[in-house]
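The values are calculated or read from the model by the stated rules, or taken from the named source; none is laboratory data. Computed from a predicted structure; not experimentally measured. Don't worry about glycine lacking a Cβ; one is built from the backbone with ideal geometry, like all the others, and counts go over all protein chains shown.
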Amino acid sequence: MKKTVEIIIGNKPYELCYNIKKLSRFERLIGKSIVFMFSMGSARFVQQLDIKFTVSGLVVALDLKNEDEVYDLIEKYCEDGGHLDHLNAKIVEAVIVTGLFTPGIAKDQEEAVPKKIQKR
């Protein structure tokens, strides 16, 4: 779960990184279950990606102390030609690379699973 997704804001790279504790905090901040959001289907999922989602996602992923830092980053990102949809896509990508919300077996755990089960 230590996979990260990079974003560039003001020529500075930032790494979005989530773990189970951070995802729990993210859910508390947005007031929604991430599992539920993923299960809504793509159209309804995208409707949930509002500014609160962006701000909360960045606060948690970047371990920032307060929202003011995030608002400054978002404004800089948009001034440089980016927009909220791209930021939200990066947040969603960072959530997905944790592997917690997609079916399958982690590569490093495949050997522990009997071959008969792996082929299903």
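Tabulated values for the structure
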item: Filter result for ALA106 (of a type in the set (Gly, Ala, Ser), touching a Phe, Trp or Tyr at 6+ places or on another chain (Cβ under 9 Å) and either modelled with pLDDT of 85 or more or within 20 Å of LYS3 (Cβ to Cβ) (or both)); result: no
item: Answer residue from the stretch 11-46, given it is assigned to a loop (DSSP other than H, G, I, E, B) and modelled with pLDDT under 90 and is surrounded by the fewest Cβ atoms within 10 Å (Cβ to Cβ) among those; result: GLY41
item: Filter result (closer than 13 Å to LEU16 by Cβ and either out of contact with any Phe, Trp or Tyr (no Cβ under 9 Å at 6 or more places or on another chain) or exposed (fewer than 14 other Cβ atoms within 10 Å of the Cβ) (or both)) within the stretch 54-68; result: THR54, ASP63, LEU64
item: Yes/no for LEU49 being hydrophobic (A, V, I, L, M, F, W, C), in contact with a Cys (Cβ under 9 Å, 6 or more places away or on another chain) and either modelled with pLDDT of 95 or more or surrounded by 14 or more Cβ atoms within 10 Å (Cβ to Cβ) (or both); result: no
item: Residue within the stretch 57-71 that is in contact with a Leu (Cβ under 9 Å, 6 or more places away or on another chain), on the phi < 0 side of the Ramachandran plot, at pLDDT 95 or above and not aliphatic (A, V, I, L, M) present; result: yes
item: Counted residues, the stretch 31-68 - those being free of Cβ contacts under 8 Å to residues at least 12 places away in the same chain, in contact with a helix residue (DSSP H, G or I) (Cβ under 7 Å, 6 or more places away or on another chain) and within 24 Å of HIS83 (Cβ to Cβ); result: 3
item: Residue list for the stretch 1-30, restricted to those being without any contact (Cβ under 8 Å) to a residue 12 or more places away in the chain and over 24 Å from GLU79 (Cβ atoms); result: LYS21, SER24, GLU27, ARG28
item: Criterion: over 13 Å from the mean Cα position of the chain (by Cα), surrounded by 13 or more Cβ atoms within 10 Å (Cβ to Cβ), in a helix (DSSP H, G or I) and without any contact (Cβ under 8 Å) to a residue 60 or more places away in the chain - qualifying residue of TYR71, TYR77; result: TYR71
